[in-house]
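Enquirer: This is the structure I have questions about; it appears just below.
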Ligand SMILES: Cc1cc2nc3c(=O)[nH]c(=O)nc-3n(C[C@H](O)[C@H](O)[C@H](O)COP(=O)(O)OP(=O)(O)OC[C@H]3O[C@@H](n4cnc5c(N)ncnc54)[C@H](O)[C@@H]3O)c2cc1C
């Protein structure tokens, strides 16, 4: 095997099985996923059990060969990028166990189980994982835990960190840490499992988890709402959250140029026409309510919001097709990159009471960097989580990265926001991590890394490791 010692490779095969180990051209059977360098190691092993996973990790540890954990490869921060000489350890074959305990409202799942598979299994029992994101068909539970994923429902059910009750983790020294609790309350000293959540594969490999489940809503009403500005969108959000008549399930925001470009690129003409409304941003609201999905109740709330001047206008989906078209405008975020390529991406959190001002000021800061740059903003309203694509559509946009990043991060810490909301640090945000995370905090993180992974074999070059 190129770049990997033959003896190590044969030991790995003995531990995991020859049929779950690929190298060289054989690696082409895998989809590289979101990053074209994810499979650059050209060496992938997908053990079938946690025990085999731990055994391969110990072999790599003993040989000081570094490991890059892989789930569904949908990560957006470059955390799964690998290089020759490394071994990619995939959870693809750790995906057989999905056990729903309906009365306890929990699921026990293998790390390689895809989110949509868990959603399907839970829904049969009238339950839901309480977390959802557009990459649901590929993203794995282990990957979501390791990036502490957020998504559309985080404002009411929390991020992945709040969904995990128990965890099993294979460690670089070959040990398996097992803390598969089924309960929320367990004060048993330092909560070690929390350290693996959001660790981006730099400490160990999550092999199994116990997750909380939520009741599955029986119906939904969905609307696309035109809001005068950020402040009014936040008022609408509060109104729906406080409503006695509807339960707010999702509130996704899209600034005007994002919504228009995406609707146009998706060929959704009537939605595009609606977006001529004099609105600074559009919000998709989805509610669960009494009766047939709660359409009437949602319409009542929207009428009150219009009277209060919080919204200009709204379209309520009358069919599943209309609903999915509304969602497509938000979820097909690549439509921006297809229309205006070479985008610089950012994923920040802004306190809700600052979000309108932040985007307005950001546009001015970016214009000062280069008048040709456009800011496309959308995201999860309830969390103040903005996904930004900043581009002129020309390749030169990439050369502006540092100055644009400074414009995006400007003042965020002072108002209590975050430069890294839900996608993680990976390789993409390491420079920002060094700038924005306090040195004493980084020193404690390095000490934790040293304790769990003394030889630094776990996903080096990601997050804090060199
Ligand atoms: C269309 C689209 C929409 C998205 N929407 C959202 C969103 O709304 N919210 C959000 O938070 N994210 C979103 N993402 C990002 C992505 O889906 C999440 O980061 C997801 O959690 C990654 O899961 P994965 O299985 O694909 O992990 P991968 O991409 O395979 O890996 C991600 C990181 O986790 C590590 N890792 C993977 N599995 C394990 C494991 N078992 N143990 C230890 N480390 C592991 C990897 O080394 C890497 O550092 C979106 C992505 C796409 C493409």
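The values are calculated or read from the model by the stated rules, or taken from the named source; none is laboratory data. Bear in mind the structure is a predicted one, so any value in this text is a computation, not a measurement. Please note: Cβ atoms are built from the backbone with ideal geometry, for glycine as well, and neighbour counts cover all protein chains shown.
Enquirer: State whether one or more residues within the range 429-436 are free of Cβ contacts under 8 Å to residues at least 60 places away in the same chain and part of a loop (DSSP other than H, G, I, E, B).
Expert: Restricting attention to the range 429-436, the residues satisfying the condition of being free of Cβ contacts under 8 Å to residues at least 60 places away in the same chain are 430-436.
Subset that is part of a loop (DSSP other than H, G, I, E, B): none.
Within the range 429-436 (the criterion being free of Cβ contacts under 8 Å to residues at least 60 places away in the same chain and part of a loop (DSSP other than H, G, I, E, B)), the answer is no, since none of the residues qualifies.
Enquirer: Could you tell me which of the residues 256, 239 is modelled with pLDDT of 95 or more and touching a helix residue (DSSP H, G or I) at 6+ places or on another chain (Cβ under 9 Å)? Steps first, please.
Expert: On the way: 256 fails: touching a helix residue (DSSP H, G or I) at 6+ places or on another chain (Cβ under 9 Å).
From the options 256, 239, the qualifying one is 239.
Enquirer: Could you pull out the residue among 221, 209 that is closer than 21 Å to residue 133 by Cα and at pLDDT below 95?
Expert: From the options 221, 209, the qualifying one is 221.
Enquirer: Further, regarding this structure: Are any residues in the range 248-263 in contact (Cβ under 8 Å) with a residue 40 or more places away in the chain and either part of a helix (DSSP H, G or I) or surrounded by fewer than 18 Cβ atoms within 10 Å (Cβ to Cβ) (or both), and if so, which ones?
Expert: The first filter runs over the range 248-263 and keeps only residues in contact (Cβ under 8 Å) with a residue 40 or more places away in the chain, leaving 248-255, 257-259, 261-263.
Matches in the range 248-263: 257, 258, 259, 261, 262, 263.
Enquirer: Scan the range 281-294 and give yes if some residue there is part of a helix (DSSP H, G or I), at negative phi and at pLDDT 95 or above, otherwise no.
Expert: No; the residues of the range 281-294 include none that is part of a helix (DSSP H, G or I), at negative phi and at pLDDT 95 or above.
Enquirer: What pairs come out if I take residues in the range 194-215 that are near the ligand (Cβ under 9 Å from one of its atoms) and pair them with residues that are in a loop (DSSP other than H, G, I, E, B) and at pLDDT below 95 whose C-beta lies under 8 Å away, six or more apart or interchain?
Expert: Here the result reads 199/463; 200/463; 202/463; 202/464; 202/465, each pair linking the range 194-215 to a residue that is in a loop (DSSP other than H, G, I, E, B) and at pLDDT below 95.
Enquirer: Just the residues that are surrounded by fewer than 18 Cβ atoms within 10 Å (Cβ to Cβ), over 27 Å from residue 427 (Cα atoms) and out of contact with any strand residue (DSSP E or B) (no Cβ under 6 Å at 6 or more places or on another chain), please, taken from the range 12-41.
Expert: 14, 17, 18, 19
Enquirer: Hey, among the residues in the range 42-52 that are more than 12 Å from the ligand (Cβ to nearest atom) and in a loop (DSSP other than H, G, I, E, B), which one's farthest from residue 92 (Cα to Cα)?
Expert: Of everything passing the filter in the range 42-52, 42 is farthest from residue 92 (Cα to Cα).
Enquirer: Only one of 302, 268 is touching a helix residue (DSSP H, G or I) at 6+ places or on another chain (Cβ under 6 Å) and either away from the ligand (no atom under 16 Å from the Cβ) or in contact (Cβ under 8 Å) with a residue 60 or more places away in the chain (or both). Can you tell me which? Full working, then the answer.
Expert: Details: 302 fails: touching a helix residue (DSSP H, G or I) at 6+ places or on another chain (Cβ under 6 Å).
The conditions single out 268.
Enquirer: Oh, and also: Pick from the range 118-167 the residues that are over 20 Å from residue 75 (Cα atoms) and surrounded by 23 or more Cβ atoms within 10 Å (Cβ to Cβ): which of them is nearest to the ligand (Cβ to nearest atom)?
Expert: Step by step, filter the range 118-167, then rank; the result is 167.
Enquirer: For residue 8, all conditions in the list (1) within 13 Å of the ligand (Cβ to nearest atom); (2) at pLDDT 95 or above hold save one; what is the number of the exception?
Expert: So the condition that residue 8 fails would be (1).
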